[in-house]
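Here's the structure, in C-alpha cells; my notes come after.
The values are calculated or read from the model by the stated rules, or taken from the named source; none is laboratory data. Predicted model only: the values in this text are computed from it and were never measured. Ideal geometry is used to build each Cβ from the backbone, glycine not excepted, and the neighbour counts take in all protein chains shown.
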Protein chains: 6
Amino acid sequence: MQFQEQTSARIREQIQSSPLAILPLGAVEAHGPHLPLGTDNDLAEELSKRLAKRVNGWVLPTLPYGQVWSLSDFPGSLSVSNETLIRLLTDLGDSLVRQGFRIWVILNAHLGNAVAVKEAARQLYECHPDFRVFYFFYPGTQAAISEVREKPPVHPTYFHACEMETSYMLYLAGEKVDMSQAIDDVPDIPPESEVTPTPWSTFTQSAVLGYATLATREKGERVIETALDRMTEIVLQAKEDLEDLDRG
Amino acid sequence: MQFQEQTSARIREQIQSSPLAILPLGAVEAHGPHLPLGTDNDLAEELSKRLAKRVNGWVLPTLPYGQVWSLSDFPGSLSVSNETLIRLLTDLGDSLVRQGFRIWVILNAHLGNAVAVKEAARQLYECHPDFRVFYFFYPGTQAAISEVREKPPVHPTYFHACEMETSYMLYLAGEKVDMSQAIDDVPDIPPESEVTPTPWSTFTQSAVLGYATLATREKGERVIETALDRMTEIVLQAKEDLEDLDRG
Amino acid sequence: MQFQEQTSARIREQIQSSPLAILPLGAVEAHGPHLPLGTDNDLAEELSKRLAKRVNGWVLPTLPYGQVWSLSDFPGSLSVSNETLIRLLTDLGDSLVRQGFRIWVILNAHLGNAVAVKEAARQLYECHPDFRVFYFFYPGTQAAISEVREKPPVHPTYFHACEMETSYMLYLAGEKVDMSQAIDDVPDIPPESEVTPTPWSTFTQSAVLGYATLATREKGERVIETALDRMTEIVLQAKEDLEDLDRG
Amino acid sequence: MQFQEQTSARIREQIQSSPLAILPLGAVEAHGPHLPLGTDNDLAEELSKRLAKRVNGWVLPTLPYGQVWSLSDFPGSLSVSNETLIRLLTDLGDSLVRQGFRIWVILNAHLGNAVAVKEAARQLYECHPDFRVFYFFYPGTQAAISEVREKPPVHPTYFHACEMETSYMLYLAGEKVDMSQAIDDVPDIPPESEVTPTPWSTFTQSAVLGYATLATREKGERVIETALDRMTEIVLQAKEDLEDLDRG
Amino acid sequence: MQFQEQTSARIREQIQSSPLAILPLGAVEAHGPHLPLGTDNDLAEELSKRLAKRVNGWVLPTLPYGQVWSLSDFPGSLSVSNETLIRLLTDLGDSLVRQGFRIWVILNAHLGNAVAVKEAARQLYECHPDFRVFYFFYPGTQAAISEVREKPPVHPTYFHACEMETSYMLYLAGEKVDMSQAIDDVPDIPPESEVTPTPWSTFTQSAVLGYATLATREKGERVIETALDRMTEIVLQAKEDLEDLDRG
Amino acid sequence: MQFQEQTSARIREQIQSSPLAILPLGAVEAHGPHLPLGTDNDLAEELSKRLAKRVNGWVLPTLPYGQVWSLSDFPGSLSVSNETLIRLLTDLGDSLVRQGFRIWVILNAHLGNAVAVKEAARQLYECHPDFRVFYFFYPGTQAAISEVREKPPVHPTYFHACEMETSYMLYLAGEKVDMSQAIDDVPDIPPESEVTPTPWSTFTQSAVLGYATLATREKGERVIETALDRMTEIVLQAKEDLEDLDRG
C-alpha cells in the first residue's frame, strides 16, 4: 500500500478503485533522552500503515518536516514555518485532486502542525469542495488515555515525550525506544505559557513533560488501537458517502 | 548516521564534531513500467547514506516531494511548486544554521528540483555567507556515462527511466526494479520542447526516455561510484577549509 | 484610558509611564436571534475597558473584523483571512514597539481569531523578544464555568451564542441582548467536524450552540470577573518584571 | 443603521432590501495639541452615520487603523502598511459580495489611506465588476472650502489638524476638540517633500499644518454638508442604476 | 552619460565621482491617433538625457513597462501591476545602493506609475535612509502650464494625449508626432470616475482628453524647460548636501 | 515593426493580422573592458529586430533589467530577483493575451534570466494553454559554435564576454565594441562553482571568460544567422499551426 512503490503504469486504475491517500506527517524535534528526534515521523508512519490496511488506502511518503516552535532551540529540532507548511500541503492536495484522489487523510503526529494542517484543509475545501480532507491527531482517545494513565498530565494540552507518547512508541516502534534512558521530569510550567510566546527551554531542559518511565507497550496499544478504530470508522464512512454519491 | 534516529540529548556535541548535514531530495513521479514512483527518493536516499559514511555526515530524513512539471499529468506524479520548494529549503537551512551546522549537502536525484535548489542555496548564501550549501545531481559523471552507455541518449539534457537511471537503481536499490517490465522507448521529442512549455505527455506514453532494457547493475556502479568519489572529494575539501578557518 | 482620545502632544510621557496597550479584538459574526452581529466586539471592548482600569493600561480602538470561517455563510458574517489578520497584528505590533510600548494585551473575544493572534505574537517575539505580547481568550475560567453552568456544553470546544456567551453579554452589555428572542438549540454536531472542514450551516440553522435561555447576568459576572482577575494578575506580574528589569 | 447591532436572524432580508454598506475608515495619528489621535476615526464615523441616514445604508464597524507614514514618528501614531490595508479591504469586499451587498462606500477620512483604498477598489472591480465600490474623501468640497477659508492652505495637497479639519471636528464631534489648545503653526515645508520621502517631523513639531485657531463649527458645517450632499447624490444614483438594472 | 554604454572596467570610479542615477520610467499605452504607444517612454527618455547633462548624472536604460489601468482595454496598452512595479523598483534601488550610488532620480512620465514609485521610494527610505530617491512627474510646471494653455483642461488631474502632452512630444520627440491625425475630443467624464473604478473606455473612444490640435512645440518648450529647471535645482541641491555631508 | 511606435488607433487590426510579439530581454551587467554594460540588451534588441523582419512580428520595447547573480558585485551590474522577473513577465503575458496576441517570443540574451523566463512561460501555460510562449537563448547554435571557435570554451556552460559573445556583438552592434581593449583571460574556475553558490569575483577580475581577442564579425555572423534561422523556423511553424487551427 506504499504509494511510491507502485509504478505509474499500474497506478491509474488503482487510484480509481481506491481514491484514498494517507499522508504521514511528523517532525524532527527533541524528544528527551530516550526517544529519537524522528519520533513523530515514526508514529505517523506506523499509524498510517495500519490505517491503510484497514481502509484500503495508499500511504504516501512521509513528510518528515513540520512546524516546530516551542522546542526549536533544543538540539536537533528542525522547523519549517506555518506558511511554508500550508503551501506545501495545498500544493500536494492540488496534485492529489489532479490525480483523481477523492479522500485525503493527513495523519499528523506532531501537535505543532495542527494549525497549518487545518488551514490547508480549509483552503483546499474552498477550491475543491468535493475533495474530502481529514486531519487526524489521535482522534477519539481521550477516554482511553484517562483509563490507562497512571499519573495526571503535567499540562492540559501539552503532551510530549511522556507516559503516553512513549507508550505509543513502545507499541508502534518499540525498537527505537531506549527505556533505560527514560526519565520523569515534571516541569513547573508557568501558566503564562498559554497566553504569551514561551519557548519550552524556559521551563524544561529535558523536553520530557511528565513520567516517561511509566510508559508501557500495553498502554500504547490501548490508546493507539482506539485511535485506529476511530479513524477507520470515519474514513470508511467517507468512502461509503462517496459510493452513495456515485450511485446517485 | 541517520539524524532523526539520534536523541536530542546526545546530538548537540555530535553536531559540533561533525557539522555536516545531508538532505536526500527526490520526488514522486512516473518512471515507466519497471521503476517505482519513488525512484528519485530511493536514489537520493541511498546515495546520501553512502556519502554520509565516506564524509562522516548526518543523513536528514528524505524530503520526498519535489517540483514535477513535465510529467505532472502522468499517473502517480505529485508536485510542489518551485516557490514552495524554495521556501521549504530556506526554512530548513535556517534551522540547520541555528543548530550549528556549517555544511549542508542537498543531494538531489530529481532534475526538476534543480532550479529551486540553486535558488534556495543562493538565498541562504545572502543571509549566511559562511554556511556552505552544496547541491549535487550526479556531479562529475559525464565521462563515466559516456564510457558505459551502449546507446546514445535520446536527448542532450533530458534523462529519465532510461539505460542510465535504471542502472543507478539496479546498483542502489535493485530490489525495487522489475526488469521484466523494462522497455525501450525512443520518443520523437519535438525540438521545440526546449524553447516552449511542453508536457512530456505530448511525446511519450511510457515516460521512458530511451533504452531501459540495456540497464545493468555494473553500469550503475561505475557511474554512481564516480559521483560518490566526486561528492566526497568536494565535501572533504569543504571540511578541511572549515578546519583551516577555525585554526585561523 | 481610551488611547485614541488622547492628544499626541500629551501621549509621549504617558506611554513611558504606562507602556501597556490593550487591543480589543472581535468579529462581525452571526450570533443567533438574540445577540447582535457585533457581540464579540462588544465583549472585547467591555473587557478591555475593565482590564485597563485595573492595570492602568491604554485601550486601543477595537479591531472589529476577525477570521470567521465556520459561520461565514450565515447572514451578516464578515471575514478576513488568517494571513491578513496576522499581517495586520504584526504591523500594529511594530508600531507599538516604535512608540515605546513594552506590553501588548490582545484581548480576543472571538475564538476564530486565536490562530492568527498566536502566530502574530510569535512573529513579533522573533523580532522584538523584549516586547511582551499576551493573547487572552477568557483565561482561567474553566472552573467558574463548570460551577455556574446548568446544562453541559454541546461540544468540548465550540462555544457560541449559548448559555455562557449570552451570560457574558448580559453582564457586560446587557442592553444589547434581547432575551425574548433567546432559544435553546442543541444541534447534532457530527463528530467529523473536528477532523474535516465543516461549515456550521451543515448542523445548525440558528447559530446557537446550546441553551441561550439559561443565560443570566449573574453567571456572566461570575465568569467574567474570574477572567478579569486572571488577566489582571498576569499583566501586573509582567509590569513588575519590567520594573525589576529596569532597576537592573 | 449600525450593521453590527443587528441580528443575523433578521439581517438577510434587510441586506436584500438595502444592499448598501458604508465602511468608516480612519487612522490613529497625531493631530496636534487640540485634537485627539482618533480624529480621523471620529470624522469617518460621524460622516458615515449621516450618510447612512440619507441613503438608507448600513454602517459597518469603523476600521480604525490606517496607513500612516508621514507622521509615523509622532507620539501616538500607529500604522499598517499599504499592502496589509489592501488585503484587509479586499477580504472585506469579498465577504460583502458573498453576503449579497451590491454597493460599498468606503468613507475614508485619512488621506494616507487613499492609495490602498483605490487599489483595493480596483482589485475588487477585476473580480466582481458588478459590485460598485466608492471611495470618498470629502468629495466635491473644493468650492465650499475656498469660500469659508480665512487663510490660504499651507500646502496645495497636505491638509492636517488645520483650519479646515478642526472645523470638521467642531461640527461633527465638537466635544472632542479642545480649542483652548489650538495653535497656528505655519511650517516651512520644503518643496522636495513632494518628490522625495519626507517624514513631517523634518518640518513640524506640532503636526498642525496651518491655522487651527481659525476653525469654527460653521465652517465645518458648510463643507461637511457639501460633502454629504455630493456623496448622497452619487450613492442614490448608484442605487437607481441598480434598480434600473433589476427591472431590466 | 548612458550608463549601459560604459564598460564595467571604467565605471567604478565614475560612480564615485558622480553617484547619481536617472531612471526613465514610462509605459506602453494608447495615446490617441497622433501619438505612439511609447509616448511616455519617449518623454521620460528625452527628459532624462537633458537632466543628466545639467546635473552630470547617469541615464539608466529606460524601464518601458508601467502600471496601466484606466486605459488597459485600449488597443496596444500593456500593463504590470503596482505590486510588481514596486518590487522591480526596490530591487533596482538595492542594486544601485550596492554599486555606490547615493542619489536616484526616477523620472516618471506616466501618471499611472506615481503610486508605485512613491511606495518604492518609501520602502527604500526605510532600508537605506541615506540613499536619496527623487520621483519626478513634471514638477513645478503648474504656472507655466496655466500660462501657455489655450483651452482649459478637461479634468483637474487627468492629463492625456492632449494640448499639453502633445506639446511636450513636439518639443522632445517631434518626429514621432503625426499632427495631421491630431484631434480634439472633449469627453464627458462622469464625476464618479474620481470615486469609483472607471475604465476610460466608458467615456472616450479616442484616448485623447482635450485639444490635441492646439499643441505646439513652443508650448512644450516652455513647460518642459520649466520642469527641467526645477528638477535641476532639486538635484543640484541634493548633490551639494552630499558634499556638505562628506566634508563633515 | 517597433510596437511602441505604432498608434493605438491603428494597432488593433494589426495585432489581429500578426498576433506575434517579440520581447528583447537583456540585463545590465559587467562585460569586461571591451564591451558595454548593456551588451545583453544590445544583442537581444538586434536579434529581435532581425527575427521580427523574418517572421512579421512586433518588437516590444526592450526589458533591460535582468537577474544578475554571479557578477552582481562587479562595477555596473544591476539586478532584479528571479521572483520579480517572473511576476513582470507573467503580468506582461497576461496583457498580451488580453490584447489578442497569440504567440510571444521572449528573446533572451542573458543566461541568468533563463530560470525566470522558463518559470514564467510555464505559469502562463497553466493559465492560457493556447497562448504560445517561446524562450530563446541562441537556439540551435551548438554545431556552428564548434565550427568557428578557435579556442575551447573555458567552461562547459558559462559563456561571457568571450570569443563567442564578443563575435556576436561585432556582428550585431560592432560600433559598441572596443576591440583595442579586448583581452584574453582564462580564469581558473573552481569545479565547486557548479555545486555551490560562487560569485564570479572569486575567480575573475575581468569578467572575461576566455579569449575575447579572437572574436571576429564573421564568427558572429555564422552563429547568429544560425540562431536566426532556427528561431525563424520554429516561429513560422507556430504561425502555421495557428492558421491550421483557425481553419479548423
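What the table shows:
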quantity	calculated
Some residue of the stretch A:47-63 being more than 8 Å from every other protein chain (Cβ to nearest Cβ), out of contact with any helix residue (DSSP H, G or I) (no Cβ under 9 Å at 6 or more places or on another chain) and of a type in the set (Lys, Arg)	yes
Answer from B:76, B:93, B:66, B:38 - the residue that is crowded, with 23+ Cβ neighbours inside 10 Å and at positive phi	B:76
Residue in the stretch F:11-23 that is farthest from the chain's Cα centre (by Cα), counting only those that are of a type in the set (Gly, Ala, Ser) and away from every other protein chain (no Cβ under 12 Å)	F:17
Matching residues in the stretch E:16-29 - criterion: being touching a strand residue (DSSP E or B) at 6+ places or on another chain (Cβ under 8 Å) and closer than 15 Å to residue E:52 by Cα	E:18, E:19, E:20, E:21, E:22, E:23, E:24, E:25
Residue list for the stretch B:199-220, filter: within 12 Å of another protein chain (Cβ to nearest Cβ), of a type in the set (Ser, Thr, Tyr) and within 23 Å of the chain's Cα centre (by Cα)	B:206
Positions within the stretch E:33-49 being in contact with a strand residue (DSSP E or B) (Cβ under 8 Å, 6 or more places away or on another chain), in contact (Cβ under 8 Å) with a residue 40 or more places away in the chain and farther than 13 Å from residue E:78 by Cβ, in sequence order	E:44, E:47, E:48, E:49
Count of the stretch F:12-65 residues which are out of contact with any His (no Cβ under 9 Å at 6 or more places or on another chain) and assigned to a strand (DSSP E or B)	9
Residue among B:226, B:216 that is in contact with a Ser or Thr (Cβ under 7 Å, 6 or more places away or on another chain), surrounded by fewer than 22 Cβ atoms within 10 Å (Cβ to Cβ) and under 27 Å from residue B:103 (Cα atoms)	B:226
Residue F:67 vs. criteria touching a Pro at 6+ places or on another chain (Cβ under 9 Å), modelled with pLDDT of 95 or more and polar (S, T, N, Q)	no
Residues satisfying the stated conditions in the stretch F:121-135, i.e. more than 9 Å from every other protein chain (Cβ to nearest Cβ) and aromatic (Phe, Trp, Tyr)	F:131
Among residues of the stretch B:172-198, those that are within 14 Å of chain F (Cβ to nearest Cβ) and either small (Gly, Ala, Ser) or at positive phi (or both), counted	1
Yes/no for residue F:43 being facing chain E (nearest Cβ under 8 Å), surrounded by 23 or more Cβ atoms within 10 Å (Cβ to Cβ) and hydrophobic (A, V, I, L, M, F, W, C)	no
Helices (runs of 4 or more DSSP H) wholly inside the stretch E:109-202 containing at least 1 residues that are touching a strand residue (DSSP E or B) at 6+ places or on another chain (Cβ under 8 Å), of a type outside the set (S, T, N, Q) and surrounded by 16 or more Cβ atoms within 10 Å (Cβ to Cβ)	E:114-127, E:163-173
Those residues of the stretch D:9-55 which are among the small types (Gly, Ala, Ser), at pLDDT 95 or above and more than 17 Å from residue D:236 (Cα to Cα), in sequence order	D:26, D:27, D:30, D:32, D:38, D:44
Among (1) more than 8 Å from chain B (Cβ to nearest Cβ); (2) closer than 26 Å to residue A:207 by Cβ; (3) small (Gly, Ala, Ser); (4) surrounded by fewer than 24 Cβ atoms within 10 Å (Cβ to Cβ) - the single one residue A:26 does not satisfy	(4)
Among (1) more than 19 Å from residue B:7 (Cβ to Cβ); (2) in a loop (DSSP other than H, G, I, E, B) - the single one residue A:218 does not satisfy	(2)
All positions within the stretch B:203-219 that are under 20 Å from residue B:68 (Cβ atoms), among the β-branched types (Val, Ile, Thr) and out of contact with any strand residue (DSSP E or B) (no Cβ under 8 Å at 6 or more places or on another chain)	none
Residue satisfying condition, being outside any loop (DSSP other than H, G, I, E, B), farther than 23 Å from residue A:14 by Cα and in contact (Cβ under 8 Å) with a residue 24 or more places away in the chain, within set B:100, B:93	B:93
Count of residues meeting criterion [in contact (Cβ under 8 Å) with a residue 24 or more places away in the chain and within 9 Å of another protein chain (Cβ to nearest Cβ)] in the stretch C:106-120	2
So residue E:68, is it free of Cβ contacts under 8 Å to residues at least 24 places away in the same chain, in a loop (DSSP other than H, G, I, E, B) and either within 30 Å of residue E:202 (Cβ to Cβ) or at the interface with chain F (Cβ under 9 Å from one of its Cβ atoms) (or both)	no
Test: residue F:13 is without any contact (Cβ under 8 Å) to a residue 24 or more places away in the chain, surrounded by fewer than 23 Cβ atoms within 10 Å (Cβ to Cβ) and not aromatic (Phe, Trp, Tyr)	yes
Selected residue (only one of F:95, F:8, F:77 is touching a strand residue (DSSP E or B) at 6+ places or on another chain (Cβ under 8 Å), closer than 25 Å to residue D:126 by Cα and facing chain E (nearest Cβ under 9 Å))	F:95
Number of the condition not met by residue F:208 [criteria: (1) in a helix (DSSP H, G or I); (2) of a type in the set (A, V, I, L, M, F, W, C); (3) surrounded by 16 or more Cβ atoms within 10 Å (Cβ to Cβ)]	(1)
